[in-house]
Amino acid sequence: MRGKELAARLRAKTGATVEQLSQRAGKRPGLAVIQVGEDPGSTLYVNNKKKACEEAGIRSYGYHLPDSVSQLELLALIDQLNQDSKVHGILCQLPLPDHIDEFTIICAIKPEKDVDGFHPVNVGLLSLGRDCLLPCTPAGIIAMLKAYEQPIKGQRCVIVGRSNIVGKPIAQLMLREHATVTLAHSRTRDLPAVCREADILIVAIGKPQMITAEHVKPGAVVVDVGINRNEQGKVVGDVDFNSVEPVASALTPVPGGVGLMTVAMLLQNTVDAFCRIEGLTP
Ligand code: NDP
């Protein structure tokens, strides 16, 4: 299941929606992207997000702050962006330097501008099964499974990894789609046996190529969320592609899989936030 063509199609569709909505509203959606420090990974992600915005007709406003910025200064910027009527989405690229508390920053973003879907209000709404801004990577996984016509309802889904940004929200979304969900993590006993129960196996652990054929039931659908560098410096997933490909019925590559869907969903979230804030029906 490739992300490249699918994500490009979704971005183009969002671009067309942006044109229509902007004419009706007399203004364009705007996304503020905050980066703190010089982490090369963050710079790459931030640049990709800004470029994708521009291609879709969404205005992007970049704020690159030095590593030394204080939490108070960052909070003041977020407060200003919360009030700014040109800005419909605010994204603060994680991770942040140690002297800044990520949770405090996430909580400072207005829930209706929280296009990452990390604010406790959006997390709570998601767990209640209510309408909200969805976290981008989990939303991208669901979009991918649907686009590739993989059935979800009634399927046994095992998710490896229970982080707040991937594992837990994808579990909520798979539940919403009527899958039977198991969340596995580093304390799970006999992980290979648990994984082999899965019709859909979603892996988000951050361990290069840890998941092999012994974790996969023949014919299972495998979604690899991991983005890691192996010892040779090559970008690889959490799944050992060569070992799993002959066993799985479908598998996402890394790079070129879920990561591209994340950016496509960010654009979609920005448009959703724009519609809600400006009172437009999409
Ligand atoms: P975290 O480090 O926050 O969480 C990792 C999770 O994996 C934890 O729940 C941990 O368990 C579990 N885990 C770690 N080691 C094992 C193990 N040996 N066996 C079973 N479970 C294990 O990671 P993230 O969720 O933030 O990211 C995971 C991966 O996904 C990373 O490679 C990251 O780069 C990538 N990623 C990709 C995105 C994309 O757009 N494609 C977006 C976000 C992340 P425990 O809780 O018990 O410690």
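The values are calculated or read from the model by the stated rules, or taken from the named source; none is laboratory data. Just so it is clear, the structure is predicted and the values come from calculations on it, not from any experiment. Because the Cβ atoms are built from the backbone with ideal geometry, glycine has one as well, and the counts that use them run over all protein chains shown.
Numbers at a glance
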{"quantity": "Residues of the range 217-231 that turn out to be surrounded by fewer than 23 Cβ atoms within 10 Å (Cβ to Cβ) and among the acidic types (D, E), as a count", "calculated": "1"}
{"quantity": "Hits in the range 249-282 (condition: touching a Pro at 6+ places or on another chain (Cβ under 7 Å) and crowded, with 22+ Cβ neighbours inside 10 Å)", "calculated": "T270, V271, F274"}
{"quantity": "Residues within the range 96-110 that are over 21 Å from S60 (Cβ atoms) and of a type outside the set (F, W, Y), tallied", "calculated": "8"}
{"quantity": "Pair list, Cβ under 8 Å, 6 or more apart: the range 69-90 residue in contact (Cβ under 8 Å) with a residue 60 or more places away in the chain, other residue assigned to a helix (DSSP H, G or I) and among the small types (G, A, S)", "calculated": "H88/A273; G89/A273"}
{"quantity": "Wholly within the range 186-279, helices (runs of 4 or more DSSP H) carrying at least 2 residues that are within 15 Å of the ligand (Cβ to nearest atom), over 21 Å from K4 (Cβ atoms) and at pLDDT 95 or above", "calculated": "191-195"}
{"quantity": "Members of the range 166-185 that are part of a helix (DSSP H, G or I) and among the aliphatic types (A, V, I, L, M)", "calculated": "I170, A171, L173, M174, L175"}
{"quantity": "Among (1) of a type in the set (G, A, S); (2) touching a residue at least 60 places away in the same chain (Cβ under 8 Å); (3) within 11 Å of the ligand (Cβ to nearest atom) - the single one A143 does not satisfy", "calculated": "(3)"}
{"quantity": "Residue match in the range 148-171 (condition: in contact with an Asp or Glu (Cβ under 7 Å, 6 or more places away or on another chain), within 14 Å of the ligand (Cβ to nearest atom) and at pLDDT 95 or above)", "calculated": "yes"}
{"quantity": "Unique match (being farther than 30 Å from K234 by Cα and under 19 Å from the mean Cα position of the chain (by Cα)) among P95, P29, P111", "calculated": "P111"}
{"quantity": "Helices (runs of 4 or more DSSP H) lying entirely in the range 1-116 (those with 1 or more residues that are touching a Ser or Thr at 6+ places or on another chain (Cβ under 8 Å) and not assigned by TED's automatic domain parsing to the domain that holds A250)", "calculated": "40-55, 71-83"}
{"quantity": "Conditions (1) surrounded by 13 or more Cβ atoms within 10 Å (Cβ to Cβ); (2) over 21 Å from C275 (Cβ atoms); number of the one not met by V115", "calculated": "(2)"}
